[in-house]
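The values are calculated or read from the model by the stated rules, or taken from the named source; none is laboratory data. Everything quoted here is computed from the prediction, not taken from an experiment. Methodologically, a virtual Cβ is constructed for each residue, glycine included, from the backbone with ideal geometry; neighbour enumeration extends over all protein chains shown. What goes into the accessible areas is simple: the full protein's heavy atoms, side chains included, and nothing from ligands, DNA or RNA. Shrake-Rupley method; radii C 1.70, N 1.55, O 1.52, S 1.80 Å.
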Amino acid sequence: MIAGGQELIVADHGADKAQAFAKDSSGKARAATVAAAIEEADIIVFAVYFDAIKSLLAEHRNKLSGKIIVDPSNAIAPNGSGGFKKTIPEDQSSGQILAGLLPSGARLVKAFGSLAAPSLKTGARRSPDPNVLFYANDDDDAGSQVAKLITASGFAPVRVGGLNAAIRIEVFGDLHEMGKLGKLVTAKEAAKLV
């Protein structure tokens with residue numbers, strides 16, 4: 001996002017990691033406490049585990065009205081055999097569960113979780129046909145704002161539908177890199193899938 005011109009507020013449960021990131025950002029990011037970042041930001045990307053997001057939503061509920069919440073989580077855990085398993089029922093999505101925990105006036109967009117970390121790092125800024133990050137949303141304005149962040153991150157945003165389609169872009173979903181899709185796809189390829 002920084003390479004795409006976005007200025008960020010970064011927070012972590014300990015101040016050192018956020019401060020180090022901000023220091024290395026050439027002035028494009030500044031560190032804050034989690035509470036201060038939530039208070040100040042219009043768009044909040046909870047880049048933490050699914051259960052941690054649930055806790056943060058409960059703890060900061062009174063500060064979330066009017067905010068756009070971005071959920072990149074995948075409700076998974078190691079399966080004991082070198083792979084992963086879902087930690088929620090197979091027919092449920094973390095995006096829909098988290099949307100149900102938001103206070104009135106907060107809007108959730110499921111995004112930034114359809115690729116594994118290595119692909120997020122190496123797949124950005126491909127030209128002339130960029131790789132895709134899928135997203136799902138029920139609120140057009142919130143979706144449009146998050147699509148701009150996806151573009152700033154060096155990917156082409158492709159909406160898969162409302163939050164009822166979020167399961168498609170979570171782990172094991174047909175549009176997730178660790179699901180049926182199995183790889184990065186370009187915008188041209190994605191047009192045939194959505």
Rg and Dmax [Cα atoms of the stretch 132-192; Å; Rg one decimal, Dmax integer]: 11.1, 30
Would you mind checking which residues have amide H under 5 Å from residue 84's amide H? H placed 1.01 Å from N; only 5 or more apart, or other chain. 79
Modelled FRET efficiency - R0 22 Å, residue 16 with residue 151, Cβ distances, 0.05 increments: 0.10
Karplus 3J(HN,Hα) series, Hz, for the stretch 128-135 with 6.51 cos²θ - 1.76 cosθ + 1.60 (x for Gly, Pro): x, 10, x, 6, 9, 10, 7, 8
Between residue 164 and residue 193, the two model label points (7 Å from Cα along the beta-carbon direction) sit apart by a distance in nm of 2.3
Write down the Å³ per residue value for the convex hull defined by the alpha carbon atoms of the chain. 125
Inter-label distance for residue 55 and residue 28, nm, one decimal - labels placed 7 Å from Cα along Cα-to-Cβ: 3.1
Rank 87, 186 by accessible area, highest first, at a 1.4 Å probe radius? 87, 186
Under the Karplus relation with 6.51, -1.76 and 1.60 and θ = phi - 60°, whole-Hz ³J(HN,Hα) for the stretch 72-87, x at Gly and Pro, equal x, 6, 10, 7, 9, 8, x, 9, x, 10, x, x, 10, 9, 6, 9
For 61, 107, give me the order by solvent-accessible area with a 1.4 Å probe, most accessible first, ignoring ligands, DNA and RNA. 61, 107
Taking Lys and Arg as +1 and Asp and Glu as -1, residues besides residue 154 with C-beta under 12 Å from its C-beta add up to +3
Select from the stretch 1-47 those GluC sites (Glu not before Pro) which occupy a DSSP coil region and have at most 13 other Cβ atoms within 10 Å, ordered by residue number. 7
Between residue 109 and residues 5 or more places away or on another chain, the pairs with built amide H atoms under 5 Å apart involve 69, 70, 71
The FRET efficiency for residue 172 and residue 6, from their Cβ-Cβ distance with R0 = 30 Å and rounded to 0.05, is 0.50
With the contact rule set at Cα under 8 Å and sequence spacing of 6 or more, what percent relative contact order holds for the chain? 18
Note to self, the chain gives a 222 nm [θ] from helices alone (DSSP H runs n ≥ 4, -39500 (n - 2.57) apiece, / all residues, nearest 500) of -7500 deg cm²/dmol
Which ³J(HN,Hα) values, rounded to whole Hz and listed in residue order, are derived for the stretch 96-111 from phi using the Karplus coefficients 6.51, -1.76 and 1.60 in 6.51 cos²θ - 1.76 cosθ + 1.60 with θ = phi - 60°, glycine and proline given as x? 5, 4, 5, 4, x, 9, 7, x, 4, x, 8, 10, 10, 10, 8, 7
Can you work out the base-10 log of I(q)/I(0) for the stretch 79-194 at q = 0.21, 0.22 1/Å, using the Debye formula on its C-alpha atoms alone? -1.19, -1.27
Provide Rg over Rh for the stretch 1-72; use the alpha carbon set for both Rg and the Kirkwood Rh (inverse mean inverse pair distance). 0.96
Show me the three semi-axes of the equivalent ellipsoid for the stretch 43-97, from the C-alpha gyration tensor (sqrt of 5 times each eigenvalue), largest first, rounded to whole Å. 25, 11, 9
Amide hydrogen neighbours beyond the local backbone of residue 156, cut-off 5 Å, H modeled: 131, 132, 133
